Amino acid sequence: MAAFAYLGLGSNLGDRRRHIARALRMLGESGRVTVEKLSSLYETEPVGYTEQGRFLNAVAAVSCDLPPLQLLHLCQGIETRLGRERLVRWGPRTIDIDILLYFDDFAGLGPTSLARPAPPESPSPPPARDDEDLQIPHPRMWERGFVIVPLAEITPDLMGPDGRSAGELARDPRMREGVLLRMAGPWWLDDDRVEEVACAQAGCWAAGLCWDVLRFAEVDSTNDVAKRMAEAGAPEGTCVVAEVQSGGRGRMGRVWYSPKGGMWLSTVLRPALPPREVGKLSLVTGVAVTEAIREAARLPAMMKWPNDVVVHGRKVGGILVESRWTGETLDYVVDGIGVNVAVDTAALPPEVRCVAGTLVPPSDPEGAGLRERLLEVVLDKLGLFYRRFLSGEFLEILEKARVYSDTLGREVEVEAACPGGRLLRGTAVAIDADGALVVETSSGDVRVLSGDVTVRRAGGGYSGRA
Ligand code: BTN
């Protein structure tokens, strides 16, 4: 017989990732089950009995030649071998393997390996079973974010009992509540070096956030779309990407030209931060984008204070962070990022053209691929640095901003962004612990918290503003 099932795996005791990885290996070693597709690994808040540690959860799509009860016994045997004790209902456990859904006589599976999974298409609700020991579908699965979010990742079109697909359910903010971290492959390796391997593989620890990426052909401004969505309750991690912006906005009220070939995106963040901390987010984002360009495009990207991204002295990217407050309470932040990936800079207005750069020429056949790769790395890095920032690691991120700085040590002209903002000339000597630029002028050091910098180039004159 050929059957197909979705298994939910969870652990909140000991080496949680390793327990789940071992359970998957043991399923495979039984010779009766093959893992066809595997979700990322999610860290989730406990549900039901909440006086216990966070879980790691994943969902696996498996093919098997076992009837449901025998599959259950196999899973229970693995749970026992991995040290599971059933003391408290919904209590802590080394490993939990639930049969979520089971389809009989599933035919036509393709090649079976983790490296090359064959995603099964199973869009309609599976048949229900109700044996004494086993209820399928699992009775609470459609209400649980820790099941639905990973399930939707591997089979977004699977229909739930209320006619909504797993993908639709997973976008519901209530479903995402308490679903915190995410690690993409190769988390399933039963190996001590996994974290190391994962980090080395450019953002495999997509540990920061679960991004929900919504793509548009053309919008006015992704920041405006993200704001409207945030107002309507979109959760943290919502990410709006557009091919073209007809009304792209830059810092200090400027227009941001956003033709095809660029990466225009905005994310919704909902950090619990006091007002003076929020400004630091633009620096955190600048570091993420700079590193992402270095990694994805292999170009020597640098940061021009506060957060322009430049390559060979030309501005290739900018960041616009906007927030909404109710009194002293931050409602949301929209973090907008624009990068000229393969933009025809010659077609930009002259005042922009003279300072703007692009990562690759618009004719480069690799341009589209680079844009996708960059988006992925930017989101991984942003999620990671954002989490670090919220855990109090701003100084470490600031250190990176100093290393990547194209401004420090340079003669600069600064237009401070404050009412009646004055023009300063001097040397950029430091970026202080608040992220402010310290400029040494003829009348002493001046701290600038927000503003616009032009750098004096060798041979005299200041580079223009983009
Ligand atoms: C700057 O002036 O340097 C900031 C530019 C920010 C542009 C991005 S593109 C995506 C997002 N949507 C906007 O309208 N602006 C930001």
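Between Glu411 and Asp15, what's the calculated FRET efficiency when r is the beta-carbon distance and R0 is 60 Å? Round to 0.05.
Details: r = 54 Å, r/R0 = 0.90.
FRET efficiency, Glu411 to Asp15: 0.65.
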Completion exercise
Expected unfolding gain across Leu449-Arg298 under the 0.36 nm per residue rule, minus the alpha-carbon gap, is 51.3 nm
Practice task
Would you mind calculating the gained length between Val278 and Arg425 on full extension (0.36 nm times residue separation, minus the Cα-Cα distance), in nm to one decimal?
Solution key: 50.2 nm
Fill in the blank from the handout: For the pair Ser442 and Arg388, the simple spin-label estimate (label points 7 Å beyond Cα toward Cβ) gives in nm 4.1
Fill in the blank from the handout: Taking 0.36 nm per residue of separation between Thr50 and Ser246 and subtracting their Cα-Cα distance, the length gained on full extension comes to 65.8 nm
Handout entry: Eligible lysines near Lys280 by straight Cα distance, threshold 23 Å, same-chain separation 8 or greater
Key = Lys227, Lys304, Lys315, Lys381, Lys400
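Read the figures in this text as sums done on the coordinates, not as results from a lab. Small disclaimer: the values here were computed from a predicted structure and weren't measured. With ideal geometry, Cβ positions are generated from the backbone for all residues, glycine too; neighbour counts draw on all protein chains shown.
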